[in-house]
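Trainee: This structure is in structure tokens; I'll ask about it shortly.
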Amino acid sequence: MKFYPFIALRAAPEYAGDIAAPPYDVVDRAEARRRAEGNPRCFLRVSRPDLEFPDATPPDDPAVYRRAAERFAQFRAEGWLIRDAAPAFFLYRIADAAHEQRGVVGVCDASDYESGAIRRHEKTRAAPEADRIRHTETINANAGPVLLAWPGDPRFAELCAEAERAEPLYDIRRPDGVRHTLWRFPRSEPLAELFGRAPAFYIADGHHRAAGAAAVARRRRAANPHHSGTEEYNRFLATVFPADQLRIGPYNRMLRDLNGLSPAAFLSAVRSRFDVRPARGPTPSGPGRIALWVEGVWHELTWSLTDAERGDPVSALDVSVLQNRLLSPVLGVRDPRTDPRLVFRGGAGSAEALAGEAARGEGAAVFSLHPVNIADLMAVADAGLTMPPKSTWFEPKLLSGLLIHPLDDAIGR
């Protein structure tokens with residue numbers, strides 16, 4: 001795999017705590033506005049510039065992208081972002097009370113994405129992909145990293161320990177208790193060699209960012225008669241973690257109605273397709289189980305896979321069983337990507353939150369799923385298949401705004 005150090009445009013250390021922000025796609029406009037309130041340095045003003053517009057303004061209005069460019073220019077002019085003098089890899093450690101993971105921030109080659117060496121497990125949607133293309137082209141930079149997994153290597157821990165002997169560039173503890181610490185690797189060659197032996201990278205989170213970056217590379221390649229393949233627009237920002245360090249959380253669902261069925265009729269249909277017993281709470285006791293909330297009561301659903309399901313890495317997933325046996329034939333959810341009756345919520349506590357909304361009359365049924373295993377994700381990607389939408393929720397989330405990848409040498413100077 002091709003993985004390179006890069007000349008970073010990064011947060012000035014004294015402003016890093018103000019700048020650091022969640023990824024643009026895990027907050028809606030109202031939440032982004034709340035987080036940025038009173039903080040002109042919040043990076044959501046660049047990555048989610050629609051927060052500065054009335055709710056009636058479409059997020060893809062040209063004025064929104066112009067605002068992103070204006071804010072990005074302001075961040076550089078004010079000295080809130082600084083430009084490094086030399087290319088480097090960066091170590092990114094994320095830790096909370098129960099978990100710790102270490103990854104490397106660098107840049108991938110878009111050609112590896114196009115060839116399939118960077119493997120995907122989701123289909124991208126046209127509108128979000130177009131948004132990332134416009135945003136990247138407008139600010140001339142990758143504002144946030146793609147989260148990648150790789151099989152790992154025994155030497156990785158040794159190289160991380162070498163980097164951690166120095167003072168960190170940033171050490172930020174967020175209100176949620178997650179600590180984000182970054183160092184610059186003292187040497188790039190051992191890491192480039194290490195990743196050069198990797199058979200593949202796997203997109204864990206950021207399919208639209210990767211697809212948008214590859215599209216920008218294609219456009220600029222076509223427009224440049226002197227294209228050489230070494231230009232920065234050929235590369236995109238990514239953070240690569242050993243697969244066994246990544247933590248996948250649940251991605252749960254709520255149905256706003258029961259497709260015309262009474263609760264009793266719906267539960268009867270469920271019992272004809274699953275074994276149903278009382279559940280102890282909203283968390284499934286393991287894989288091959290789904291917790292279902294209806295009318296204030298949690299039920300646990302179990303099943304046996306058919307031979308056909310066992311032979312297909314996608315059909316065997318809990319989320320596929322739910323979709324194929326219940327959501328589609330009983331509740332009429334033909335396309336979970338587009339059905340407005342289906343609400344998704346990821347992360348710890350999401351099942352309880354959805355059940356609370358349903359209890360207030362905003363939904364009729366909640367489905368709580370066991371998290372997908374990283375090995376299952378990689379098996380699906382290796383087979384060239386795609387998982388159902390909203391199958392994986394990776395946490396903790398990477399921060400945006402600390403490290404930015406400019407697409408040419410002019411930016412940031």
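Trainee: Filter the stretch 269-312 down to residues that are part of a helix (DSSP H, G or I), under 17 Å from Gln323 (Cα atoms) and open to solvent by 30 Å² or more (accessible area, probe 1.4 Å), then give me how many there are.
Mentor: Summing the residues that are part of a helix (DSSP H, G or I), under 17 Å from Gln323 (Cα atoms) and open to solvent by 30 Å² or more (accessible area, probe 1.4 Å) in the stretch 269-312 gives 3.
Trainee: Which of the residues belonging to the stretch 231-268 are open to solvent by less than 50 Å² (accessible area, probe 1.4 Å) and without any contact (Cβ under 8 Å) to a residue 12 or more places away in the chain?
Mentor: Passing the criteria: only Ala265.
Trainee: Using the structure shown, decide if Arg155 is without any contact (Cβ under 8 Å) to a residue 60 or more places away in the chain, among the basic types (Lys, Arg) and surrounded by fewer than 17 Cβ atoms within 10 Å (Cβ to Cβ).
Mentor: Yes; evaluated as a whole, the condition is true for this residue.
Trainee: A further question follows. Among what's in the stretch 359-373 and is surrounded by fewer than 21 Cβ atoms within 10 Å (Cβ to Cβ) and of a type in the set (A, V, I, L, M, F, W, C), pick the residue that is nearest to Pro199 (Cα to Cα).
Mentor: Ala364
Trainee: Name, by its number, the condition in (1) within 23 Å of the chain's Cα centre (by Cα); (2) over 16 Å from Thr392 (Cα atoms); (3) of a type outside the set (Phe, Trp, Tyr); (4) surrounded by fewer than 20 Cβ atoms within 10 Å (Cβ to Cβ) that does not hold for Leu354.
Mentor: For Leu354, the failing item is (4).
Trainee: Just the residues that are assigned to a helix (DSSP H, G or I) and either within 24 Å of Gly288 (Cα to Cα) or in contact (Cβ under 8 Å) with a residue 24 or more places away in the chain (or both), please, taken from the stretch 350-370.
Mentor: Residues satisfying the conditions are Ser350, Ala351, Glu352, Ala353, Leu354, Ala355, Glu357, Ala358, Ala359, Glu362.
Trainee: Only one of (1) surrounded by fewer than 15 Cβ atoms within 10 Å (Cβ to Cβ); (2) touching a residue at least 24 places away in the same chain (Cβ under 8 Å); (3) within 23 Å of the chain's Cα centre (by Cα); (4) assigned to a loop (DSSP other than H, G, I, E, B) is not met by Pro175, so which one is it?
Mentor: (2)
Trainee: In addition: Would you pick out the residues in the stretch 216-230 that are part of a helix (DSSP H, G or I) and either at pLDDT below 95 or open to solvent by 10 Å² or more (accessible area, probe 1.4 Å) (or both)?
Mentor: Listed by number, the residues that qualify are Arg218, Arg219, Arg220, Arg221, Ala222, Ala223.
The values are calculated or read from the model by the stated rules, or taken from the named source; none is laboratory data. Owing to the predicted nature of the structure, the values given are computational and were not obtained by experimental measurement. Cβ sites come from the backbone with ideal geometry, for glycine too, and all protein chains shown count toward neighbours. All accessible areas refer to the heavy atoms of the entire protein, side chains included, with ligands and DNA or RNA removed. Shrake-Rupley method; radii C 1.70, N 1.55, O 1.52, S 1.80 Å.
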